[in-house]
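Undergrad: First, the structure itself, so that you have it in front of you.
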Amino acid sequence: RPRSLRVVVIARATGARVSGCRMRIDDASWQALASGPVVVADGATACQLSLEADGYAPRQLRVELPRSSEVRVQVAMRSWREELFARIRPWLEGARRSEVLPTPRELSRTGAASPVVPLLKLVEQGCYGAATPGPGELDAADALADAARAEAPAPRLDRR
């Protein structure tokens, strides 16, 4: 029997279903996420699932397809702000002194290493500013995070 894939997409922060999601399996064309199962190439043992939705960072994941006829996958997507915040998280975790994660502004007040400062400013503006960030801000944050790691690696993440 042909294998099929049933995909449910939720918002990582709230657990609510994400509406208006688009999906692509392997190199096929983009299509609206169906509420029912989608048939996968006959004989495939795995596929590459790509997902997009307005307001969320895109996701790609490899899905193993066992012999059963239908595989159900639940995927959590991050908003652009959550995805941007993830770029500064290693430095915030390293600066944590309690159960509460410090904010980027609190980290900057502690005298964070200068290579991290441009990333802190970008993340603070993108996460707490009026304008919603998007792919451009994420690309800029990735470049700043790479530069910061090259000059001052993120602190080791010891659980306290």
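Undergrad: Would you mind finding the one in 35, 50 that is assigned to a strand (DSSP E or B), hydroxyl-bearing (Ser, Thr, Tyr) and free of Cβ contacts under 8 Å to residues at least 60 places away in the same chain? Before the answer, list the steps.
TA: Values: 35 fails: assigned to a strand (DSSP E or B).
Only one candidate qualifies: 50.
Undergrad: Can I ask one more? Which one of the conditions (1) without any contact (Cβ under 8 Å) to a residue 24 or more places away in the chain; (2) over 21 Å from the mean Cα position of the chain (by Cα); (3) open to solvent by 50 Å² or more (accessible area, probe 1.4 Å) does residue 107 fail to meet, given that it meets all the rest?
TA: Residue 107 satisfies every listed condition except (3).
Undergrad: Can you name the residue in region 39-94 that is open to solvent by less than 70 Å² (accessible area, probe 1.4 Å) and among the hydroxyl-bearing types (Ser, Thr, Tyr) and, of all such residues, is nearest to residue 148 (Cα to Cα)?
TA: Across region 39-94, the extreme among qualifying residues is 79.
Undergrad: If the requirement is being among the basic types (Lys, Arg) and either surrounded by 13 or more Cβ atoms within 10 Å (Cβ to Cβ) or more than 30 Å from residue 117 (Cβ to Cβ) (or both), which of these qualifies: 97, 3? Full working, then the answer.
TA: Details: 97 fails: either surrounded by 13 or more Cβ atoms within 10 Å (Cβ to Cβ) or more than 30 Å from residue 117 (Cβ to Cβ) (or both).
Within the list 97, 3, the selection yields 3.
Undergrad: Taking the options 139, 158, name whichever one is modelled with pLDDT under 90 and either in a helix (DSSP H, G or I) or open to solvent by 70 Å² or more (accessible area, probe 1.4 Å) (or both).
TA: Answer to the selection: 158.
Undergrad: Test each condition in (1) farther than 30 Å from residue 39 by Cα; (2) part of a strand (DSSP E or B) for residue 60 and report the one that comes out false.
TA: Among (1) farther than 30 Å from residue 39 by Cα; (2) part of a strand (DSSP E or B), the lone unmet condition for residue 60 is (1).
The values are calculated or read from the model by the stated rules, or taken from the named source; none is laboratory data. Source: prediction; values computed, not measured. So basically every Cβ, Gly included, is an ideal-geometry build from the backbone, and we count neighbours across all protein chains shown. Accessible surface areas use protein heavy atoms only, side chains included; no ligands, DNA or RNA. Shrake-Rupley method; radii C 1.70, N 1.55, O 1.52, S 1.80 Å.
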